[in-house]
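Worksheet: the structure to be examined is printed underneath.
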Amino acid sequence: MAKKLRVGIIGAGNIATSAHLPAYQQLTDIVEVVAIADIVPERAKDAAEKYGIPNYYASVEELLANVDVDYIDICTWTAAHAPVCIAAAKAGKDILCEKPLAATLEQGLEMEKAVKEAGVQFMLAVVTRYGAEQQKVRELYAEGVFGEIYAAKTLYVRRRGTPGGWFTDKELAGGGPVLDIGVHAIDRTWYLMDRPKPISVSAETSYRIGDFQTKGISRWQPFGKGKGVFDTEDSATVFFRFEGGKTMMAEIAWAINGPESATTQLFGSKAGCTFDPLTIYTENEEGYLADLKPEVKGNNYFVEEIRHFIECVNEGKTPISPIDDAVTVQRMLDGIYRSAEAHAEVKI
């Protein structure tokens, strides 16, 4: 029988309280949340009381010194991922870390070094890899349905959807929508393309709309208010090149004067697809064009993500989103900002 794991959560903000902790409540047969820590101790205390967590602390170091855990779940703002991950790795604890990997590529490489030196399990929580439709596409790809997936388009665009607080502070967040929501679209699409090696990226970022005051729009506020800084981009337009002549186009925006969209298209040599609902663009047995919609039962992305990580820890398996993938995607995100700054294509 698999071991029931003990987890300590670092960060008691929105992603912990609205996503991870509710998911853990559905997985009590395989995991127990035994501690939570936050730089605002009252926030950790509130979460502990609400979710029945027996211990709360003010730091990862304090938690690790006082409670025996099997792994650490990192739910902090982005700039804190690296120090928390490194502390956990040095303590020999496995690590589940919310996206993106880090605020900078340099921080991400430090995390990779610590994880590999300690020999601990690491999984990046890029939750959309774990959706039922995405996993169905991976299954169909393995069966040869798509042939070679050689091109893709992905969009995660909000018309007016810039969050407040620390999200717009580059020092704490690392960047704007590219790192916040763009990582979902880019990571998921690259994964479904079977992770081709990135070669270069050409991108532009826009800072033209900024701290909008549009009437009738309420701005989502995280628990961590930050310093009132607004120095992140509004949007980005991106073109990736991969080995083998493969490509991906991406459009990412918190704020743009256009329609909202969250779509991904994959183009293969035998078939292509779109999502929500999953639709396969192919030919039927008689050679005519056909649009097929496989029946796919929906799932809770966060529950399946955490369940997968626990399975990997217990069985010693490499997770679907390991540290190597996390670093590659961080290199791609870093390339977006370097390209935009240079107004030119750059190598990844």
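The values are calculated or read from the model by the stated rules, or taken from the named source; none is laboratory data. Predicted, not measured: the structure shown is a model, and the values here were computed from it. In this analysis, Cβ positions are derived from the backbone assuming ideal geometry, glycine residues included, and neighbour counts consider all displayed protein chains. To get the accessible areas, we keep the full protein, side chains included, count just its heavy atoms, and leave off ligands, DNA and RNA. Shrake-Rupley method; radii C 1.70, N 1.55, O 1.52, S 1.80 Å.
Two numbers describe the Cα atoms of the stretch 296-348: Rg and Dmax, which are 16.6, 47 Å. With a cut-off of 12 Å between beta carbons, the residues surrounding THR247 carry a summed charge of +2, where Lys and Arg count +1 and Asp and Glu -1.
Angle of helix 132-142 to the longest C-alpha principal axis of the chain, folded into 0 to 90 degrees and rounded to 10: 60°.
Quick one: compute the contact order of the chain, relative version, from alpha carbon pairs under 8 angstrom and 6+ residues apart, as a percent.
Working: 746 pairs, mean separation 69.8, N = 348.
That works out to 20 percent.
Of the residues ARG160, ARG188, ARG219, the one that moves most in a GNM of the chain with alpha-carbon contacts below 10 Å is ARG219. Take ILE53: with every protein chain present and a 1.4 Å probe, its accessible area is about 10 Å².
Overall, the stretch 176-271 carries a charge dipole of about 180 debye about its Cα centre when +1 sits on the Cβ of Lys and Arg and -1 on the Cβ of Asp and Glu, all other atoms neutral. In the stretch 78-136, Cα pairs under 8 Å separated by at least six residues give a relative contact order of 39 percent. The share of accessible area on the chain that comes from carbon and sulfur is 49 percent, using a 1.4 angstrom probe.
A dipole drawn for the stretch 59-138 from +1 and -1 charges on Cβ atoms has a positive end, and of LEU101, ALA89, VAL137 the residue lying farthest that way is VAL137. Taking the centroid of alpha carbons for each part, the stretch 55-104 and the stretch 4-23 are 12 Å apart. Connecting C-alpha atoms closer than 10 Å in a GNM of the chain, tell me which of GLY52, GLY174, GLY210 has the biggest fluctuation. Highest fluctuation among the options: GLY52. Here the sum of -39500 (n - 2.57) over DSSP H runs of 4 or more residues, divided by the residues of the chain, equals -9000 deg cm²/dmol at 222 nm, to the nearest 500. Rounded, prolate or oblate: which fits the stretch 89-163, taking a ≥ b ≥ c as square roots of the Cα gyration tensor eigenvalues, rounded meaning a/c under 1.5, else prolate when a/b beats b/c? Taking the square roots of the gyration eigenvalues as a ≥ b ≥ c, the stretch 89-163 is oblate. Summary of packing: across the peptides 113-122, 337-346, the per-residue average of other C-beta atoms within 10 Å ranks them, highest first, as 113-122, 337-346.
Positive end of the charge dipole of the chain (Lys, Arg +1 and Asp, Glu -1 on Cβ, about the Cα centre): tell me which of HIS343, ALA185, VAL329 has its Cα farthest that way. The listed residue farthest towards the positive side: HIS343. Structure note, pairs LYS136/LYS293; LYS99/LYS293; LYS4/LYS93; LYS99/LYS297; LYS153/LYS197; LYS93/LYS317: Cα-Cα distances above 19 angstrom occur for LYS99/LYS293; LYS99/LYS297. Counting every pair of alpha carbons in the chain, the share spaced more than 27 Å apart comes to 47 percent. Angle, helix 323-342 long axis vs. longest principal axis of the chain, Cα atoms, 0 to 90°, nearest 10? Once rounded, one gets 70 degrees.
Ignoring lysines fewer than eight residues from LYS90 along the same chain, the ones with Cα atoms less than 16 angstrom from its Cα are LYS113, LYS116.
The stretch 169-242 and the stretch 123-166 have Cα centres spaced 16 Å apart. Per residue, the chain exposes 45 Å² of solvent-accessible protein surface, assessed with a 1.4 angstrom probe and all protein chains in place. Name the most mobile residue of GLY131, GLY244, GLY182, meaning the one with the largest mean-square fluctuation, in a Gaussian network model of the chain with Cα contacts below 10 Å. So, out of GLY131, GLY244, GLY182, the one fluctuating most is GLY244.
Ignoring lysines fewer than eight residues from LYS215 along the same chain, the ones with Cα atoms less than 30 angstrom from its Cα are LYS170, LYS225, LYS227. Semi-axes of the equivalent ellipsoid of the stretch 32-90 are 18, 13, 9 Å, computed as sqrt(5λ) over the eigenvalues of the C-alpha gyration tensor in descending order. Seen against the Cα atoms of the chain and their longest principal axis, helix 105-118 is set at about 60 degrees.
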